[in-house]
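Worksheet for the structure shown next.
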Amino acid sequence: MNIAVPRERFVGCLIGLAIGDALGAPLEFMPRAEIAATYGEVRELLGGGWLNVEPGEYTDDTQLALAIATSIVRTGRIDPDDIAARFVAWLQTGPKDVGNITRTAIRYHEQGLPWREVGPRVVRELVGGSAGNGSLMRCAPVGLFHAARPAALLRDSTIVSEITHANPLSVWSSIAVNLAIVEFLHGRGEGVIERVAAQIPERQVADTLRAAPTLPRRAVRSGGFVLETLGAACWALEQGDSFEEVLVAAINLGDDADTVGAVAGALAGARDGIGAIPDCWMQQLRDADQLADLALALHRLAGKGEVSPVG
């Protein structure tokens, strides 16, 4: 099976995720008014912020997406046990930033709980606070892998979210972003948000998708609640015709700027391809070659036949 999707869009998606993450990292937790007062409008890869990142350094958003992409390339499928093990190994390196839900879930994986039990357990323990954006930020490799397998995309987007985030809002937001990525990969950008919303039975997710493009900037929220991140990224997609303008709109919203940037970057990168990403950003991005190689490997795997579901 050949996949009629340019490789450039695969690379653009994964690189775009990392670029958005790195652009937003120094602005994380800053209110947008503070960003405007301090920088005017951020259009460059800065250093600093509460994480004290170097220019071009990405955060946990990209690190966990890399773990998923590497697992897919090494195993040729979605293997939640392998992904969970990679998450555990990552946490043991002492990363600069780890979301609370993600940390809680990975600790249970570290203790040896079956992966199917971890997400639901975290939901029960964090009643009212389990709908974070920690699976949304890293979901793109699944969308790339299943670019020609729509049924498997729904199944495996759910599985990969539930490794840490089993709240239905987090799961369906991840599915929505991966559906949109696939539409963009195939060049079907016109009306993509409405088409995706029509496939989402979770009403709050579908409503967020439909409302986002026409919101005034002052009404766009960009915190760690998954619907805020989803809405902010979709809003940013409508703020310019170029990859650069989408990312500038996304990160200058502030708050969870790295994750909004990562999601918007994955979407805009899938839409526009690697050639649309400014050279000055590419030259500063950490591990750009590794990210590109993984994206090309996912492109090759996407062209293969059906992949058996996890046992």
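The values are calculated or read from the model by the stated rules, or taken from the named source; none is laboratory data. These numbers were taken from a predicted model, which means no experiment stands behind them. Here the Cβ is made from the backbone with ideal geometry for all residues, glycine too, and neighbour counts use every protein chain on show.
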State whether one or more residues within the stretch 82-104 are at pLDDT 95 or above, out of contact with any Asp or Glu (no Cβ under 6 Å at 6 or more places or on another chain) and under 30 Å from GLY275 (Cβ atoms). no
So is ILE200 touching a Phe, Trp or Tyr at 6+ places or on another chain (Cβ under 6 Å) and not polar (S, T, N, Q) or not? yes
Scan the stretch 214-233 for residues that are of a type in the set (Val, Ile, Thr) and either assigned to a loop (DSSP other than H, G, I, E, B) or closer than 15 Å to ASP258 by Cα (or both) and jot them down. VAL220, VAL226, THR229
Can you spot a residue in the stretch 28-51 that is without any contact (Cβ under 8 Å) to a residue 12 or more places away in the chain and part of a loop (DSSP other than H, G, I, E, B)? yes
Test each condition in (1) under 22 Å from PRO150 (Cα atoms); (2) part of a helix (DSSP H, G or I); (3) out of contact with any Asp or Glu (no Cβ under 8 Å at 6 or more places or on another chain) for ASP289 and report the one that comes out false. (1)
Could you look through the stretch 237-263, keep only residues that are in contact with a Phe, Trp or Tyr (Cβ under 9 Å, 6 or more places away or on another chain) and assigned to a loop (DSSP other than H, G, I, E, B), and pick out the one that is nearest to ALA219 (Cα to Cα)? LEU253
Specify the residue that is farthest from ARG218 (Cα to Cα); the eligible residues are those in the stretch 26-52 that are acidic (Asp, Glu) and touching a helix residue (DSSP H, G or I) at 6+ places or on another chain (Cβ under 7 Å). GLU28
Could you check how many residues of the stretch 227-262 are β-branched (Val, Ile, Thr) and surrounded by fewer than 24 Cβ atoms within 10 Å (Cβ to Cβ)? 1
Could you tell me whether the stretch 16-30 includes any residue that is modelled with pLDDT of 95 or more, over 18 Å from ALA292 (Cβ atoms) and surrounded by fewer than 17 Cβ atoms within 10 Å (Cβ to Cβ)? yes
Does at least one position in the stretch 40-60 carry a residue that is within 22 Å of ASN167 (Cα to Cα), out of contact with any Ser or Thr (no Cβ under 8 Å at 6 or more places or on another chain) and modelled with pLDDT of 95 or more? no
Taking the stretch 84-118 as the search range and keeping residues that are of a type in the set (Ser, Thr, Tyr) and not in a loop (DSSP other than H, G, I, E, B), which one is surrounded by the most Cβ atoms within 10 Å (Cβ to Cβ)? THR102
Any residue in the stretch 192-206 that is crowded, with 24+ Cβ neighbours inside 10 Å and modelled with pLDDT of 95 or more? yes
From THR70, THR62, grab the single residue that is assigned to a helix (DSSP H, G or I) and either without any contact (Cβ under 8 Å) to a residue 12 or more places away in the chain or within 19 Å of ALA233 (Cα to Cα) (or both). THR62
Lone unmet requirement of (1) farther than 22 Å from THR102 by Cβ; (2) touching a Ser or Thr at 6+ places or on another chain (Cβ under 9 Å) for GLU28: (1)
If TRP115 satisfies all but one of (1) of a type in the set (A, V, I, L, M, F, W, C); (2) within 30 Å of ALA4 (Cα to Cα); (3) modelled with pLDDT of 95 or more, what's the number of the condition it fails? (2)
What are the residues in the stretch 121-167 that are within 18 Å of VAL5 (Cβ to Cβ), modelled with pLDDT under 95 and surrounded by 20 or more Cβ atoms within 10 Å (Cβ to Cβ), if any? ALA148
Can you list the helices (runs of 4 or more DSSP H) lying wholly within the stretch 119-213 that have 3 or more residues being touching an Asp or Glu at 6+ places or on another chain (Cβ under 8 Å), in contact (Cβ under 8 Å) with a residue 12 or more places away in the chain and not small (Gly, Ala, Ser)? 168-185, 192-197
Looking at GLY47, GLY40, which is the one that is surrounded by fewer than 17 Cβ atoms within 10 Å (Cβ to Cβ) and in contact with a strand residue (DSSP E or B) (Cβ under 7 Å, 6 or more places away or on another chain)? GLY47
